[in-house]
Amino acid sequence: MASIKQVAQQFGVTYDTLRFYERCGLLTDVARNSHGQRVYSVNNIVQLERVLRMRKIGASISDIQTMMHQFEQADRVAAYDDGLQLLQQLNHDLDLREQEIKSQRALLRAKQHQFEKAREQLLRNKRDNSRTKRGQCD
């Protein structure tokens with residue numbers, strides 16, 4: 001059993017995030033102690049890990065709610081079909097994000113190269129100006 005503070009620190013989320021996940025039904029049966037404070041069970045921690053993994057791969061709250069509902073109907077082939085379809089869509093979305101990141105990285109490298117060349121040119125100009133000034137007579 002863990003307090004909201006312990007869980008928030010362990011997973012790097014806010015108290016509000018934990019409360020929100022509970023209101024959305026993503027964390028179920030969160031117990032309360034005698035002071036009314038949330039107490040998270042091992043099962044709640046497993047649920048939170050699942051939610052955070054799904055969020056990390058781009059699943060919306062609605063997607064996660066759908067998947068949880070499908071887990072409850074694990075004896076139906078259609079639930080697996082729906083789950084597979086959602087996972088395939090998430091995989092496709094990740095592919096698109098990966099391509100975008102690669103494109104952004106290429107732009108970043110090009111900009112970095114431009115800065116390096118501009119810096120080198122500036123240093124050359126300063127050296128040339130310094131040599132020119134030393135060669136002049138006052």
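The values are calculated or read from the model by the stated rules, or taken from the named source; none is laboratory data. Nothing here was measured: the structure is a model prediction, and the numbers come from that model. When we count neighbours, we look across all protein chains shown, and the Cβ atoms used for this are built from the backbone with ideal geometry, even at glycine.
Give LEU87, LEU52 a once-over and let me know the one that is part of a helix (DSSP H, G or I), in the same structural domain as GLY25 (by TED's automatic domain parsing) and either touching a His at 6+ places or on another chain (Cβ under 7 Å) or of a type outside the set (Ser, Thr, Tyr) (or both).
Residue meeting the stated conditions: LEU52.
Please verify whether ASP16 is at pLDDT 95 or above, surrounded by fewer than 11 Cβ atoms within 10 Å (Cβ to Cβ) and charged (D, E, K, R), treating the condition exactly as stated.
For ASP16, the condition - at pLDDT 95 or above, surrounded by fewer than 11 Cβ atoms within 10 Å (Cβ to Cβ) and charged (D, E, K, R) - is met.
What number goes with the only condition from (1) under 24 Å from the mean Cα position of the chain (by Cα); (2) of a type outside the set (Asp, Glu); (3) assigned to a helix (DSSP H, G or I) that ALA110 does not pass?
For ALA110, the exception is condition (1).
Using the structure shown, decide if SER103 is at pLDDT 95 or above and among the small types (Gly, Ala, Ser).
So SER103 fits the description; yes.
Hey, could you check the range 19-39 for residues that are exposed (fewer than 11 other Cβ atoms within 10 Å of the Cβ) and small (Gly, Ala, Ser) and say which is nearest to GLN70 (Cα to Cα)?
GLY36
From the list ARG109, ARG97, pick out the single residue that is among the charged types (D, E, K, R), surrounded by 10 or more Cβ atoms within 10 Å (Cβ to Cβ) and touching a residue at least 24 places away in the same chain (Cβ under 8 Å). First the steps, then the outcome.
Values: ARG109 fails: touching a residue at least 24 places away in the same chain (Cβ under 8 Å).
None of the other options fit; the residue is ARG97.
Scan the range 78-94 residue by residue and report those that are surrounded by 10 or more Cβ atoms within 10 Å (Cβ to Cβ) and among the small types (Gly, Ala, Ser).
ALA79, GLY83, listed by residue number.
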